[in-house]
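Step one of this worksheet: look at the structure below.
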Amino acid sequence: MIPFACAPAVLPPFSLAPHADTILVVEDESFVCELAAEALLDEGYRVLTAADADEAEAILSSEHVDLLFTDIDLARNTNGIALAHRARRSLPRLPVVYTSGGREGLSAAEAVNESVFMPKPYRAAQLVAVTNDLLRHRS
């Protein structure tokens, strides 16, 4: 199993300096997408959103993205697992966070290497903490 991102989050001190990093949020439930995007925007990240894997792939091919946050089961029968694998072909070091309300986890065989699974429902603070941690520790 890949690691869960469900430990209580400790928010870093507030900073007025925005992050230079761009997060792609892929979520077909508009309210959930809006909540995730708002939490990341409040933290100072640049946020792009997509409702399915096809939209996400178009964004990945035209924009610089520093982290992919994707639901697993997406609109139009697209899939966040397949999306992450395709994204990693062209961006091998892209941090990936998966989420799902219909699964308890992801096997290492399904997920891309060094990814994180965060089950729904999650708190905005958890998403921010995981994002900060992944981007801070990339090399």
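Quote the charge dipole size of the chain about the Cα centre in Debye, to the nearest 20; the model charges only the Cβ of Lys and Arg (+1) and of Asp and Glu (-1).
In debye, rounded to 20, the chain gives about 500.
Over the chain, what relative contact order in percent results from Cα pairs under 8 Å that are six or more residues apart?
Numbers: 244 pairs, mean separation 43.5, N = 139.
That works out to 31 percent.
Using only the Cα atoms of the range 19-70, build the gyration tensor, take square roots of its eigenvalues as a ≥ b ≥ c, and label the shape rounded, prolate or oblate: rounded if a/c is under 1.5, else prolate if a/b is larger than b/c, else oblate.
Taking the square roots of the gyration eigenvalues as a ≥ b ≥ c, the range 19-70 is oblate.
From the gyration tensor of the Cα coordinates in the chain, what semi-axes in whole Å does the equivalent ellipsoid have, largest first, with each one equal to sqrt(5λ)?
After diagonalising the Cα gyration tensor, the semi-axes are 20, 17, 15 Å.
For the range 65-132, which GluC sites (Glu not before Pro) are in a loop by DSSP, counting at most 15 other Cβ atoms within 10 Å?
Passing sites in the range 65-132 are GLU104, GLU114.
Out of all DSSP beta bridges with both ends in the chain, state the antiparallel percent to the nearest 5.
Bridges in the chain are about 5 percent antiparallel.
Send over a whole-number figure in Å² for the accessible area per residue of the chain, probe 1.4 Å.
Per residue, the chain has an accessible area of 54 Å².
The values are calculated or read from the model by the stated rules, or taken from the named source; none is laboratory data. The shown structure was predicted, so the numbers you read here are calculated from the model rather than taken from an experiment. Please note: Cβ atoms are built from the backbone with ideal geometry, for glycine as well, and neighbour counts cover all protein chains shown. Protein only, heavy atoms only, side chains kept; ligands, DNA and RNA dropped before computing areas. Shrake-Rupley method; radii C 1.70, N 1.55, O 1.52, S 1.80 Å.
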